[in-house]
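Everything below concerns the one structure shown next.
The values are calculated or read from the model by the stated rules, or taken from the named source; none is laboratory data. All values derive from a computational prediction rather than experimental measurement. Every residue, glycine among them, receives a Cβ derived from its backbone with ideal geometry; neighbour counts consider all protein chains shown. Surface accessibility is based on the protein's heavy atoms, side chains included, excluding ligands, DNA and RNA. Shrake-Rupley method; radii C 1.70, N 1.55, O 1.52, S 1.80 Å.
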Amino acid sequence: IVVAENIGRLRRQGLNPFDSVVKGTSQVFIPVLAAILTTCIAFVPLFFFSGRWAAINTFIPPIIFLMLGASLLESLFILPGHLHLALPFAGRSQSGPANGSHWFDQIEEAYGRFLVRVLPFKCLVFTFFIGLLVFSGWIMTNNMKFVLFPHEETRDIVLSGKAGQQADRFVTAGITSELESIFKPFIGKEVVGYRTEIARSRRGGDVQENRFRMIVEIVPKEERESSADQLIALWKPQIDKVEGLKKLVIQKSRWGHASGSPIEVIVQENVDRLRANAAGALAEAMRAHSALVNVEIDEPIKITEYKIDFRRDKMKRLSINPADIAPTIRAALEGLVLYEIPTGDEETEVRLSITDAAKGDIETILEMPVENSREYLVPLKDVVTITKASTPISISRRDGRRSTVVYADLRAGTEMTPLEIAGEFERKVFPELVSAQPSTTISFGGEVFDTRESQQDFKNATIMVVFLIFVVLALTFNSLSRSLIIMLAIPFGIVGVVLAFWLHGKVLFGFFAAIGALGLAGVVINDSIIMLTKLDREFGKPAREMVNGQIARIAQTRLKAVVLTTLTTVAAVMPTAYGLAGYDAMLAEMMLALAWGLVFGTLITLLLVPCMYGLIKGFGTALKERL
């Protein structure tokens, strides 16, 4: 757009096609190159994001680099050749000035007259924008909060429940089958499908056979008439009628986390008793918190275990080898292979064992004799001691230490974010638990951990982007003051993002909104580069009273390129931002930030950049006149 508009303007001024193409392209070569470089720079920090979300980010920069590189090649080397061609169907002469004026010329002249009236009050304009920046900062600090993934309309409804205490997996499967029959009529309409897990925890570990977890996937919100809350309210009366269901929790899953819960607290302690005490105390504190519901301790299923210890003094006295104890018990439970009988290509093992009825009684097993070195038989119960214990069937470890995870969901309608809740627990609850058990470590995982990691990444990315863009602009314009004028578009572009989110009622901004704002830093200054380059190239040495008029005349010639660039970009992203052809929560907020930030940044280009340029030139002219 910039190249074609500049070539067309020179042609209308009377240059022949060849000279207009060569001169028009060469005039904007450096600013177009700088615009492409600054846009690419804005996405470079995505390569350095840490954590599991870095895998998503690394795909964004290469696509942008390739697209912008192809655009640069086309606009600087292919497009000029196309514009030099004599088109027989063109309505205007290909050589010499065009007959008549374009309808947009009147808009440019109106914009120029507006600047002439505004430029005398450029200090007031600058003050107004500074006030707007302060106001948006106040909104950002007091009314908006960062959440990794704001709770948009969900795609998954999760049902976690229990049957009776004595129910086995078959009884539990029968109950879940009745629940599935409630959702079947909705398949193909509001429901995509469902999957059920019995005797499995959130992380896939074994739990009691009377527990189940069902995930119902619903269609995207733009394809259904009912919201997730309305569907839950519709199903709830039917679910309550299912017999044998003792407990049921219905929750809307949060995108990006397998557990579906925003609060995940990890308790690390190798001593099982201390870890259970800390997890229980933590769960009680979470249940007492007004913003949390559905508190759950992720515990594996426990089985009865008999721990065997040797009575070494008696074994020594009876001349019994400790190595004979384990084979004797194994022979009783699993059988001892005496020999194998060949049966075709396979062999059949013949085992010596006790009856199945005797295997269920530990006392009967302890009656089994073990032979000593003198070939006497001694009952096992005389040489071993048995301790009965309840032991988990699996052990979870994190960083080499045994761990237990405590989950909780946010209560509907709460205004607290996971980060705020985490900060409150770290100040009030964690110190008490750790002081009582110094060997126990308690930390947040899941969404809280990822959010904090992302916040630090975004801070580092912002510093990197601003510095690199400033370096490119300083090298391009060979001027610090002009680079700073162009970079004014960045903070004021963020003002547009803040105001847009605030006016849309989005008080929570997430991970992808921040990526959109980061990319905006490179996009929003493109128009400012084009505007300032034009001002620098054509600004002469007028008298002090003629400065404003000359700036207005030059700036109006950039109006078409600036407006077209903004309109085409905004038109491309608006359908995604508002879900006009399908809604995606993470892309919508990214495009919303980019679109409205660019709109506001364009206002900066058309108004604040000429005013700031006028301040510098006016000051320089006044200084020269005095000298």
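Brief remarks follow.
- Net length gained if the chain between residue 26 and residue 394 were fully extended (0.36 nm per residue, minus Cα distance): 125.5 nm
- Seen against the Cα atoms of the chain and their longest principal axis, helix 169-183 is set at about 30 degrees.
- Crossing angle, helix 122-143 versus the chain [Cα axis fit, 0-90 degrees, rounded to tens]: 10 degrees
- Other-chain or far-sequence residues with amide H under 5 Å of residue 384's (modelled H): 311
- Solvent exposure of segment 422-494, expressed per residue, is 48 Å² of accessible area, with all protein chains present and a 1.4 angstrom probe.
- Each of the peptides 336-346, 277-287 was scored by the mean count of other Cβ atoms within 10 Å over its residues; in descending order, highest first, they stand as 277-287, 336-346.
- Close amide-amide hydrogen proximity is noted between residue 444 and 266, each under 5 Å apart and 5 or more residues distant or on a separate chain (H modeled in the peptide plane; Pro and chain starts excluded).
- Dividing the mean sequence gap of close Cα pairs (under 8 Å, 6+ apart) by how many residues the chain holds gives a relative contact order of 20 percent.
- FRET efficiency estimate (nearest 0.05) - Cβ-Cβ, residue 222 to residue 113, R0 41 angstrom: 0.35
- Degrees between helix 559-578 axis and first principal axis of the chain (Cα, 0 to 90, nearest 10): 20 degrees
- In this label model, residue 241 and residue 134 are separated by 6.4 nm, measuring between points 7 Å along each Cα→Cβ vector.
- Inter-part distance where segment 111-165 and segment 487-543 are each reduced to a Cα centre, Å: 14 Å
- Among the protein heavy atoms of segment 476-562, carbon and sulfur supply 61% of the accessible surface, probe 1.4 Å, non-protein parts ignored.
- Between the listed residues 171, 110, 79, the Cα displaced farthest toward the positive end of the dipole of the chain, a dipole computed from Cβ unit charges relative to the Cα centre, is found at 110.
- Note on segment 338-468: Cα-Cα pairs beyond 27 Å make up 62% of the total pair count.
- Cα convex hull of segment 213-342, projected area averaged across orientations, nm²: 18.3 nm²
- FRET efficiency, 1/(1 + (r/R0)^6) with R0 56 Å, evaluated for residue 539 and residue 180 via beta carbons: 0.15
- Radius of gyration (Cα atoms) of the chain, expressed as a multiple of 2.2 N^0.38 Å: 1.44.
- Computed lengthening from residue 381 to residue 33, 0.36 nm per intervening residue step minus Cα-Cα distance: 116.5 nm
- Zone of residue 331's modelled label, taken as backbone nitrogen in segment 349-368 under 13 Å from a point 7 Å along Cα→Cβ: 351-354, 368
- Electrostatic bookkeeping for residue 291 treats Lys and Arg as +1 and Asp and Glu as -1; over the other residues with beta carbon under 12 Å from its beta carbon, the sum is -2.
- Net length gained if the chain between residue 503 and residue 187 were fully extended (0.36 nm per residue, minus Cα distance): 110.1 nm
- Taking amide H as placed 1.01 Å from N in the peptide plane, the amide H of residue 583 sits under 5 Å from that of 222, each at least 5 places away or on another chain.
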